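A.B. asks: Have a look at this one before I ask anything.
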Protein chains: 2
Amino acid sequence: MRISGRSSRRRMLGFGAALGGGLLASATESRAVDGVPGQLGIPLGPYGERSPFEKAVRWRRDTKTPETGSSFTPLQDSVGAITPSSLHYERHHTGIPTIDPAGHRLVIHGMVDRPLSLTMAEIRRLPSVSRTLVLECGGNSGSEWAVKTAPDVQRSHGLVSCSEWTGVPLSLVLKEVGIQRGASWVIAEGADACRMARSIPLAKALDNILLAYGQNGEALRPAQGYPLRLIIPGWEGNACVKWLHRLKVTDQPYMTRDETSKYSDLMPDGKARIFTFQMEAKSVITFPSGGQTLSGPGLYELTGLAWSGRGRIERVEITTDGGRTWVDAQLQEPRLPIALTRFRLPWRFEGREELIASRATDESGYVQPSREALIEVRGTNSGYHYNGIKLWRVQADGTVTNV
Amino acid sequence: MRISGRSSRRRMLGFGAALGGGLLASATESRAVDGVPGQLGIPLGPYGERSPFEKAVRWRRDTKTPETGSSFTPLQDSVGAITPSSLHYERHHTGIPTIDPAGHRLVIHGMVDRPLSLTMAEIRRLPSVSRTLVLECGGNSGSEWAVKTAPDVQRSHGLVSCSEWTGVPLSLVLKEVGIQRGASWVIAEGADACRMARSIPLAKALDNILLAYGQNGEALRPAQGYPLRLIIPGWEGNACVKWLHRLKVTDQPYMTRDETSKYSDLMPDGKARIFTFQMEAKSVITFPSGGQTLSGPGLYELTGLAWSGRGRIERVEITTDGGRTWVDAQLQEPRLPIALTRFRLPWRFEGREELIASRATDESGYVQPSREALIEVRGTNSGYHYNGIKLWRVQADGTVTNV
């Protein structure tokens, strides 16, 4: 190998203060950097794992009933728009069932002409589509309704994830069974111990719902409903019934637990909104965010995620002065409809306190509201469907806290 | 819950022959299907795994030196376009180094005004982009040059994978260091034991190469170059140097092992093509493919993957009669440039032998050639850059073999 001349080396020393003395002391440049040359690494393997230096995990509250609850995606460590399947958020009611796909069936019955029972092998023979879609729990960032908020973005906003889902259009199967006159709802039921069930309007079922069996290029993960899950573009995660084994076509909703006592919105006047499936435009800065520390003044990439259940993100604005002024962030293309959209902004931290936040606008023209505007309409009795603007405080010493 | 009437149940029995007698025998419909109601599942967890029923793994040849070689992505089990990071193909020369990112540096030197050494933390502060890109080994489907070919699509075509990569544009860093007059190449070197190195034309380095640290929403996997890898859109995987620790700007290529004795194309006249970085349009049917068995005549979804190093896939045609007639497959949108594109075609297997194949056309107008046309130009002395049309034989009994 040609080795560069001494003048180049000397210049390198000038710029290489951060390197320590080791870099150019060794005999050849090809051994100049890190690692031990000649020492064999790990063999090729059948199924890869992440680096032992990577520690990001989902967070959940310690509880005596770990089969029910939520676990939160570590958004502060996220890059790009896809969520690794191993870190996809979870919300379960009676744990993750272990289902052998060879014995699993999807039964479609009720107000249909030709009830059907499909094996997984039969489902996989049907025409399929793939879509990259965000999935968000209806309760995501519910802690933000209160004054005392979560300390970091994982706990405040981590019930949102994004995957490439693959499956069969539900409309295709419903056409096959023949919907009877007067039918208007579909009851979807999971094979988990509690038989979690939700009522889905038939119009949506005939629109763009997927019977998903694939996630990020492989089978669904057990925690995401293996072997079959409803994926309802733009609707709250709870309606996307996991471990799906039954669809019953009816002329009314069933008023199940998770659409009456849960996942409905108690309004200031004491009435509750129900069947509020649609997730609205939302965004959050993931770096810098609560719990992180900047190493000092200088250039950083401010970044975060935006999404909307109604379609594409058209714009994300950033404030660094608590909302007085806003500048447009760069949006990562392609901006897929109803998917996480990564936004970024080169940003110089001057070592002075700043209040930073992002504000998303979707293709319908809907603008993410401030917390105050949201509370003015909905009050603070609802734990669900919070999508207010999220402020972080960057302190002069570089530490970041919730506001 | 409202239970549907008896007439509906009776019809269901009529269609439910495949179900066995168990379905409607139990007391309530809500317990009618699989699983044991009331039995708690697995608790929520910090880091998810796939189902124990999913067995797809990378394949590699048994060898006494498992640190060098290739492992192949199980394309026959793939769905959608993303490759799970755990199943991304591997091609290593001296194993996978275990690198602590806290100690890792990228040194940029040679014919530059301001040589630079960057820590990973510094690199992650720079402006970044995400791109979903296919990565293909220059040797992928090299077995197809020979008459005796691999028995399945994993071994014939499994050295191709697709990820969402995130990183810093190399052009940005090169502008920062100041390229000197007369410079025309960049030598990229990895921190693996053999210090794998490739020469990259400066024009490409200033175009669209990424210093990638992210893959599918998290850090690069160790097998993909953790913590830093060159990702060169559209170019052979070998040039996308893993465990990148050094970039040297020069006025000539270094004629390294992997660009002279390897990854060059020996032509029929005894001369060799060198620096054939560009990967051309290619496609392969993943279902049905070699080693699979159809359960009998009937409707199936024929599906596969297409890609091109030159941009978007514009068209994929399917033949089921050995190339006499072709029909257009459906292409999954969005068709991202230089990414895997999933194609699909509803297909009725009649229980008669068929010869099936796919043919891709990219946005440059390039059409994937037949094996014969490819060999007419390049002969059979080259192990690299094979992109011929791939035929599978579906036999009358439903078994599928290579041709």
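The values are calculated or read from the model by the stated rules, or taken from the named source; none is laboratory data. All figures in this text were calculated on a predicted structure; none of them were measured in a lab. Every residue, glycine among them, receives a Cβ derived from its backbone with ideal geometry; neighbour counts consider all protein chains shown.
A.B. asks: If you take the residues in segment A:300-326 that are among the β-branched types (Val, Ile, Thr) and within 25 Å of the chain's Cα centre (by Cα), which one is farthest from residue A:363 (Cα to Cα)? Before you say what the answer is, go through the steps one by one.
C.D. replies: Of the residues in segment A:300-326, the ones among the β-branched types (Val, Ile, Thr) are A:303, A:313, A:316, A:318-320, A:325.
This time we only want the ones that are within 25 Å of the chain's Cα centre (by Cα), so: A:303, A:313, A:316, A:318-320.
Numbers: A:303: 21, A:313: 6, A:316: 12, A:318: 18, A:319: 21, A:320: 25 Å.
Here the answer is A:320.
A.B. asks: Would it be correct to say that residue A:184 is out of contact with any Cys (no Cβ under 8 Å at 6 or more places or on another chain) and modelled with pLDDT under 95? Explain how you work it out, then say what you get.
C.D. replies: Numbers: out of contact with any Cys (no Cβ under 8 Å at 6 or more places or on another chain): yes; modelled with pLDDT under 95: no.
It is false that residue A:184 is out of contact with any Cys (no Cβ under 8 Å at 6 or more places or on another chain) and modelled with pLDDT under 95.
A.B. asks: Right, another one. Six or more apart or on different chains, Cβ atoms under 9 Å: show the pairs whose first residue is in segment B:153-166 and more than 9 Å from chain A (Cβ to nearest Cβ) and touching a residue at least 12 places away in the same chain (Cβ under 8 Å) and whose second is crowded, with 24+ Cβ neighbours inside 10 Å and basic (Lys, Arg).
C.D. replies: Here the result reads B:153/B:390; B:156/B:390; B:157/B:282; B:157/B:390; B:160/B:282, each pair linking segment B:153-166 to a residue that is crowded, with 24+ Cβ neighbours inside 10 Å and basic (Lys, Arg).
A.B. asks: Just for segment B:62-85: of the residues that are crowded, with 24+ Cβ neighbours inside 10 Å and in a helix (DSSP H, G or I), which one is farthest from the other protein chains (Cβ to nearest Cβ)?
C.D. replies: So, considering only residues that are crowded, with 24+ Cβ neighbours inside 10 Å and in a helix (DSSP H, G or I), the one farthest from the other protein chains (Cβ to nearest Cβ) is B:75.
A.B. asks: Then there is this: With respect to residue A:294, is the statement that it is buried (at least 18 other Cβ atoms within 10 Å of the Cβ), touching a residue at least 24 places away in the same chain (Cβ under 8 Å) and more than 28 Å from residue A:151 (Cα to Cα) true?
C.D. replies: Working: buried (at least 18 other Cβ atoms within 10 Å of the Cβ): yes; touching a residue at least 24 places away in the same chain (Cβ under 8 Å): yes; more than 28 Å from residue A:151 (Cα to Cα): no.
It is false that residue A:294 is buried (at least 18 other Cβ atoms within 10 Å of the Cβ), touching a residue at least 24 places away in the same chain (Cβ under 8 Å) and more than 28 Å from residue A:151 (Cα to Cα).
A.B. asks: Tally up the residues in segment B:100-128 that are in contact (Cβ under 8 Å) with a residue 24 or more places away in the chain and within 7 Å of chain A (Cβ to nearest Cβ), please. Don't jump to the end; show me each part of the working.
C.D. replies: Going residue by residue through segment B:100-128, those that are in contact (Cβ under 8 Å) with a residue 24 or more places away in the chain are B:101, B:104-116, B:118, B:120, B:123-124, B:126-128.
Subsequent filtering for residues that are within 7 Å of chain A (Cβ to nearest Cβ) retains B:101, B:104-105, B:107, B:109-110, B:114-116, B:126-128.
Here the count works out to 12.
A.B. asks: Separate question: Please verify whether residue A:91 is among the charged types (D, E, K, R) and in a loop (DSSP other than H, G, I, E, B), treating the condition exactly as stated. Even if it seems obvious, please write down each step before you answer.
C.D. replies: On the way: among the charged types (D, E, K, R): yes; in a loop (DSSP other than H, G, I, E, B): no.
In short, no.
A.B. asks: Okay, moving on. Spot the failing condition for residue A:143; the list is (1) free of Cβ contacts under 8 Å to residues at least 24 places away in the same chain; (2) away from chain B (no Cβ under 12 Å); (3) not in a helix (DSSP H, G or I), and only one is missed.
C.D. replies: If we test residue A:143 against (1) free of Cβ contacts under 8 Å to residues at least 24 places away in the same chain; (2) away from chain B (no Cβ under 12 Å); (3) not in a helix (DSSP H, G or I), just (3) comes out false.
A.B. asks: Which of the strands (runs of 3 or more DSSP E) contained wholly in segment A:214-288 include at least 3 residues that are more than 27 Å from residue B:78 (Cβ to Cβ)?
C.D. replies: On the way: elements: A:229-231, A:244-250, A:282-287.
In segment A:214-288, A:244-250, A:282-287 are the strands (runs of 3 or more DSSP E) which contain 3 or more residues that are more than 27 Å from residue B:78 (Cβ to Cβ).
A.B. asks: Continuing with the same structure: I'm trying to understand the selection: among the residues of segment A:332-366, which are part of a strand (DSSP E or B) and among the β-branched types (Val, Ile, Thr)? Talk me through it step by step, then tell me what you get.
C.D. replies: Step one: of segment A:332-366, the residues part of a strand (DSSP E or B) are A:341-349, A:354-362.
Passing the criteria: A:341, A:356, A:361.
A.B. asks: Here are the criteria: (1) in contact (Cβ under 8 Å) with a residue 24 or more places away in the chain; (2) within 14 Å of chain B (Cβ to nearest Cβ); (3) closer than 17 Å to residue A:132 by Cα. Tell me which single one residue A:220 does not satisfy.
C.D. replies: Evaluating residue A:220 over (1) in contact (Cβ under 8 Å) with a residue 24 or more places away in the chain; (2) within 14 Å of chain B (Cβ to nearest Cβ); (3) closer than 17 Å to residue A:132 by Cα leaves (1) as the failure.
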